[in-house]
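Attaching a single structure in structure tokens format; questions to follow.
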Amino acid sequence: MQSRRSSFVEAATNVGVGIIVAWAVTFAVFPLFDYEPTVAKSLYISLIFTVVSLARSYVLRRIFERIAHRKRHELWLARTKL
């Protein structure tokens, strides 16, 4: 079972790498839509998406961990009834 702290560290690492990629992508993609943000605006936009991504990653990790925990518990109960 993964602890809440481990879930957060995993999500934060994933998102940390993602922010670097996202920040670089803004310079490539935004001009295609006639929007050329400054470095500061690009960073701010990336930070907003990063916070959302971190929350999403953490919540999904915890949901999947809870599902796995329930399955392990059900399996344990099934084995102890034998």
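The values are calculated or read from the model by the stated rules, or taken from the named source; none is laboratory data. Keep in mind it's a predicted model, so treat the numbers as computed, not measured. Here the Cβ is made from the backbone with ideal geometry for all residues, glycine too, and neighbour counts use every protein chain on show.
I'm trying to understand the selection: among the residues of the stretch 1-50, which are among the small types (Gly, Ala, Ser) and part of a helix (DSSP H, G or I)?
Kept after step one, since they are among the small types (Gly, Ala, Ser), are these residues of the stretch 1-50: 3, 6-7, 11-12, 16, 18, 22, 24, 28, 40, 42, 46.
Once the filter is applied, which keeps residues that are among the small types (Gly, Ala, Ser) and part of a helix (DSSP H, G or I), the stretch 1-50 yields SER6, SER7, ALA11, ALA12, GLY16, GLY18, ALA22, ALA24, ALA28, ALA40, SER42, SER46.
Same structure again: If you go through the stretch 22-42, how many residues are surrounded by 11 or more Cβ atoms within 10 Å (Cβ to Cβ) and among the small types (Gly, Ala, Ser)?
Qualifying residue count, the stretch 22-42: 3.
Another question, if that's okay. Select from the stretch 1-28 the residues that are more than 15 Å from the chain's Cα centre (by Cα) and aromatic (Phe, Trp, Tyr) and write down the one among them that is nearest to PHE49 (Cα to Cα).
TRP23
When the residues of the stretch 59-82 are filtered to those that are modelled with pLDDT under 85 and farther than 27 Å from ASN14 by Cβ, which remaining residue is surrounded by the fewest Cβ atoms within 10 Å (Cβ to Cβ)?
If we take residues in the stretch 59-82 being modelled with pLDDT under 85 and farther than 27 Å from ASN14 by Cβ, then LEU82 is surrounded by the fewest Cβ atoms within 10 Å (Cβ to Cβ).
Where the second residue is modelled with pLDDT of 90 or more and the first is more than 12 Å from GLN2 (Cα to Cα) and lies in the stretch 54-80, which pairs have Cβ atoms under 8 Å and are six or more apart or on separate chains?
So the pair list comes out empty.
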